[in-house]
1. Using the alpha-carbon atoms, what tilt in degrees (0 to 90, nearest 10) does helix A:14-24 show relative to the longest principal axis of chain A?
2. Just the number please: accessible area per residue for segment A:34-111, 1.4 Å probe, all protein chains included, in Å².
3. Using only DSSP helix segments of four residues or longer, with each worth -39500 (n - 2.57), what per-residue ellipticity at 222 nm results for chain B after dividing by its residue count and rounding to 500?
4. Can you tell me how much longer the chain between B:Lys36 and B:Cys105 gets when fully stretched, taken as 0.36 nm per residue apart minus their C-alpha distance, in nm with one decimal?
5. Could you go through segment A:135-149 in sequence order and give the Karplus-derived ³J(HN,Hα) for each residue, using 6.51 cos²θ - 1.76 cosθ + 1.60 with θ = phi - 60°, rounded to whole Hz, and x for Gly and Pro?
6. Could you give me the ³J(HN,Hα) list for segment A:249-260, computed from phi with Karplus coefficients 6.51, -1.76, 1.60 and θ = phi - 60°, whole Hz, x at Gly and Pro?
7. When Cβ neighbours within 10 Å are restricted to other protein chains, what is their mean count per residue of peptide A:1-8?
8. Which far-off residues, 5 or more places away or on another chain, put their amide H under 5 Å from the one on A:Ala209, with H placed in the peptide plane?
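The values are calculated or read from the model by the stated rules, or taken from the named source; none is laboratory data. Bear in mind that the values here come from a model prediction, so they are computed numbers and not experimental data. So basically every Cβ, Gly included, is an ideal-geometry build from the backbone, and we count neighbours across all protein chains shown. Note: accessible area is taken over every heavy atom of the protein model, side chains too, but ligands, DNA and RNA are not part of it. Shrake-Rupley method; radii C 1.70, N 1.55, O 1.52, S 1.80 Å.
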Amino acid sequence: MLPARFELHRPDSLATALALLDEYGEDASPYAGGTELLIAMKARVVRFAHIIDIKRIAELRGIVARDDGGLSIGALCSHHELANDPIVRKHAPAYARLSANIANIRVRVAGTLGGNLCFAEPHADPPALLCALGAEVCLAGSRGMRKLPLQDFILGELSTVRTDQELLVRIEVPGQPEGARAAYRAFGHLERPAAGVAAVAKPEGKGYAWRFFAGSMCGRPTALTLLEDAMAGQPPAEALESLERTAQAAVEHIETYDDLRGSADYKRHLVTVLALRSARAALGLEERVA
Amino acid sequence: MKTGIPTLDIAFVLNGVRVSATVEPRELLIDVLREKFELSGTKRSCDIGVCGACTVLIDGLPASSCSMIAADVDGREVLTIEGLGTPQGLDPIQQAFVAHGALQCGFCTPGMVLAVKGLLALNASPTEDEIRHFLRGNLCRCTGYVKIIEAVVDLAQRKHLG
Ligand code: FES
Ligand code: FES
């Protein structure tokens, strides 16, 4: 089906785009890859009188290595670019791999990281790993910029703190300490993940300090703090045993619900399996298909 | 001339030829290709970006023409199945599909062939796993995929051998 009629604006600078957003407010939507927005507009679930195509804005492009070893990612970077970019592959190989497995090649080529985060569809891969890596997002408005942790940016299903007058400009992924490791593992029958778990391990004690985030469970990525506490500082083999012992309890109370991609029980079960897989993958251990 | 409905003029390269069109912002690429340019080789099935029947190449990379507006190809290069080979001289990918019996009803085939072209441009000698991964978003309800994969493996090995 065709979307309802709209006026198309194609600004080529950030300032012009922000002026348009100021002018049209909630009647306008920024538009980049369209992999989610256009589908929703075609289904007439959403309707905007003004579409602001931001793809010509150079300020929103590019992937830069930060001084601290992290990454600064322009909001317009596509998943395909992120999967293949040498800087991402070097500094955040787990994230490059995640990008290479999103949906299908056409979605990866058109879909942008900024769009994915702003649309805030819960069944998405990027947010869990980016939260575990401590990523921050930079929002620009005509009155200035603000920067906040991704974890605080996503409010819930299809909802973020971005106002109608703001654009997401960059995603900042801080450098990880020497010896840190990360992995993301997901599972689903359809194009979107039913569940995904990101694990980041930073050297501490005889092992690592762990960060785990489960994605796709509810509106925002969920920290699996029980696992993190149980495994902290333990030698890897012991940490994995702790994980297996604690996983059930760790998922019991996380917020989730039955949906097209599985029942709540099923998704909780997936998180126990995927937590182990992502932890093992982070440690560079051979993946045991549970 | 149309009445009061905003339109824009776009210019792009379609199957190697410079073309232009006047479109409404909401017009989808698939409709412009099929209706305005009468290129009906591009097929519509799911209409939501998941099946790949409508795959075209834009600047060499696969795109769902059902889920993008025509305005987005302004200034770019579009390749549809009509731009690949001729009835007398099939493209090697088309030839491999025929040789391996990689099609039955043929509805998925234009998109599938273009996806393969996109793959081989990025990676001239993909492994079977890489082929399966790349073609994951192109659905075929007839062949069971085995013969499609065989055709592409064959192409990949040939490229590999030069
Ligand atoms: S018709 Fe476009 S992807 Fe299915
Ligand atoms: S040959 Fe019929 S859908 Fe593929």
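1. Roughly 70 degrees, rounded to the nearest 10.
2. On the way: 3110 Å² over 78 residues.
About 40 Å² of surface per residue is accessible.
3. Numbers: 4 runs with 45 residues, N = 162.
When only DSSP H runs of four or more count, the value is -8500 deg cm²/dmol.
4. Values: separation 69, 0.36 × 69 = 24.84 nm, distance 2.56 nm.
Gain on stretching B:Lys36 to B:Cys105: 22.3 nm.
5. With the stated coefficients, segment A:135-149 comes to 5, 10, 10, 10, 10, 10, x, 5, 9, x, 10, 9, 10, 8, x Hz.
6. With coefficients 6.51, -1.76 and 1.60, one gets 5, 5, 9, 3, 9, 6, 6, 7, 8, 6, 8, 3 Hz.
7. Values: counts 2, 6, 6, 1, 5, 5, 4, 10.
The shielding value for this peptide is 5.
8. HN-HN under 5 Å from A:Ala209: A:Lys202, A:Glu204, A:Gly233.
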